[in-house]
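This report concerns only the one structure given below.
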Amino acid sequence: MNDTPGWASPGSAPSDGQQPGASGPAEPADRPGPDQPVDQPDPDATGSGSKWSKEQPPPSQWSAPTAPPTGPGQAPPPPPPPPGPGWGSRPPGGPGGYGGGYGAPGAPGGYGGWGGGWSGPPPAAKPGVIPLRPLGVGEILDGAVSTMRTYWRTVLGISLTVAVLTEIIVILLQGFVLDDRASTEALNDPSASLDELTRAMGDTMLNTSVVFLISLIGTIAATALLTTVTSRAVLGKSVTTGEAWRDARPQMAKLFGLIFLLLLIAFGVIFAGATPGIIAAAAGAGDAGAALAILGSLAAGVVALWLMIRFSLASPALMLEKQSIVKSMSRSAKLVRGSWWRVFGIQLLATIIANIVASIVVIPFTFLGAAVSGGGVSNFLDTGGSDLGWTFLIVSGVGSVIGSMITFPITAGVTVLLYIDQRIRREALDLELARAAGVQDYGAGAPGPTLGS
């Protein structure tokens, strides 16, 4: 026996007729040597003599046996098939590959043969609006639009409700508070003093900031409600408005707390950047202090933007993972780490596209509101839209509602899909999504994280 552990080549073990250490197989003792003639055995020989058969071929004329003889009426056996390509013959795939072997085009697996060109992995499962794999920019945008198109009743119902409530608040504030403080005439007056310009810029920034904050709150609220819709759309499952509300309602208080904290951080950073200039202006620095305050605000604004993008995935993390405010911010920072520019670029692109599409609707309503108001379009162009009355605010508000019905689903869908994409890239969430969607044998044997991990 061969006591060598592991795999041994065939014939490596000593046979019964060969001594260990001898090379080659054992030969019969009575085989004639190369210089001896081949004698026919004596048919009467007995004992331990020759064991050769009585019928032997002529000397030096032995050949390999051919096909078995066929008897009368028997057809000859078919000829052996030609050798297949890839195993001992030149492959048909041309120079540079072993094509035609395992995995040739058309063969199971489809990997292009031995060096014949890899045709890529099989396509990812797509039970819903996105394929279950890391997404590209176009796939994220297409997923958001596909969600709005496929589940338009639920998506537009949520968007319309949030847009109407948001626009009512904006119209009331502009009609009763903001327009009374607006004083943009100084911005068009070359002889205006620094104090007048500062006051006009402050009023304009206040109006813009308030409208922006309310719109931001509406956007995040719509994102919270549309998170359930988008997450179900990824699995190819529909959800009603009531189901989306019941899923989001337990987290709404935490969501508004998250919004308040993020806004507090943003404005706190900007105010901290402007504080040195404000102190210098109060100490009598004048123009130099004002310039320092503006430069400090701009620099702090960059920091605030960096923080907002870093925490931009906190809302879907809070809604889907049912986390606390601090934990959701930590999750967002973890998911965005190393991908800040990608997240920023995709969200900026989605915002630009959504606003361009919405402007196609909002601008005509704005000019229509100016035309039917007392001042007319010329007054609207001269005053920048201030002091045009309730008619202008209501008509333009209708256009804003329609525009918000377009922007909310796109921006919310992109945010949720970005969150899912980052978790697929970092935590293999696609395995869990495939199981939840009922995809058979997807990632069999590979552990995957849960939705709440």
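Each value in this text was obtained by applying a stated rule to the coordinates, not by laboratory testing. Given the structure is predicted, the values throughout are model-derived calculations rather than measurements. Methodologically, a virtual Cβ is constructed for each residue, glycine included, from the backbone with ideal geometry; neighbour enumeration extends over all protein chains shown.
Rounded to the nearest 0.05, what FRET efficiency do Lys126 and Ala299 have when you use their Cβ-Cβ distance and R0 = 60 Å?
Between Lys126 and Ala299 the formula returns 0.85.
For region 276-295 and region 395-429, write down the distance between their C-alpha centroids in whole Å.
After rounding, the separation between the Cα centres reads 40 Å.
Set the Förster radius R0 to 35 Å, insert the Cβ-Cβ distance between Ala436 and Val137 as r into 1/(1 + (r/R0)^6), and round the FRET efficiency to 0.05.
Computed FRET efficiency for Ala436 and Val137: 0.90.
Between Leu348 and Trp245, what is the label-to-label distance in nm when each label sits 7 Å out along the Cα-to-Cβ direction?
3.8
Using 24 Å as the Cα-Cα cut-off, could you pick out the over-long pairs in Lys237/Lys322; Lys126/Lys322; Lys254/Lys334?
Lys126/Lys322
Between Ile214 and Thr150, with labels modelled 7 Å along Cα→Cβ, what's the label distance in nm to one decimal, could you check?
3.5
Note the full-extension length gain between Val326 and Ala283 as 0.36 nm times their separation in residues minus their Cα-Cα distance, in nm to one decimal.
Additional length available on full extension: 11.6 nm.
Calculate the spin-label point distance for Leu206 paired with Thr275, positioning each point 7 Å from the Cα along the beta-carbon direction, and give it in nanometres.
Distance between label points: 2.3 nm.
Can you tell me which of 245-254, 213-222 comes out highest on packing, and rank the rest after it, using the mean Cβ neighbours within 10 Å?
Per-residue mean Cβ counts within 10 Å order the peptides as 213-222, 245-254.
Cα-based Rg of region 137-437 per 2.2 N^0.38 Å, rounded to two decimals?
Rounded to two decimals, the normalised Rg is 1.11.
Could you order peptides 144-157, 163-176 by the average number of other Cβ atoms within 10 Å of their residues, highest first?
144-157, 163-176
Rg (Å, one decimal) plus Dmax (Å, integer) for the alpha carbons of region 250-347?
Rg and Dmax of region 250-347, Cα atoms, are 16.8, 52 Å.
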